[in-house]
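Where a number appears in this text, it was derived from the coordinates with a stated rule and is not lab data. What you see is a predicted model, and the numbers here were worked out from it, not measured in a lab. Quick reminder, even Gly has a Cβ in these numbers, built from the backbone with ideal geometry, and neighbours come from all protein chains shown.
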Amino acid sequence: MSQEPLKVGRATPRADAPAKVTGKEMYAADYYPENLLWCGVKRPAHAHALIRRIDISRAKEMAGVIAVLTHEDITGGNRLGILEKEDLVILT
């Protein structure tokens with residue numbers, strides 16, 4: 001049985017569609033290596049707010065927390081992007 005060539009404007013069935021809609025498809029985020037360490041970022045609640053201090057004592061005491069990083073943990077440059085000028089890695 002020969003297949004018709006693809007044409008603009010005609011629906012083409014996706015080969016991976018059944019696995020995706022049934023939840024059987026594995027995505028990159030579905031592969032967790034053993035001893036994977038999750039990371040989260042806490043952003044300021046208010047844009048352009050002046051952060052006077054950061055108290056990490058309660059966060060460090062939470063069960064399962066391995067480390068709490070702040071701007072004080074960044075050595076060297078604290079920028080990431082084209083020519084290292086666009087985005088702060090951690091707000092200072």
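Worth pointing out:
- Here the gap between E61 and A28, fully extended at 0.36 nm per residue and compared with their Cα-Cα distance, gives a gain of 8.7 nm.
- Least to most buried among R53, R10 (fewest other Cβ within 10 Å first): R53, R10
- Residues V21, V68 arranged by fewest to most Cβ contacts within 10 Å: V21, V68
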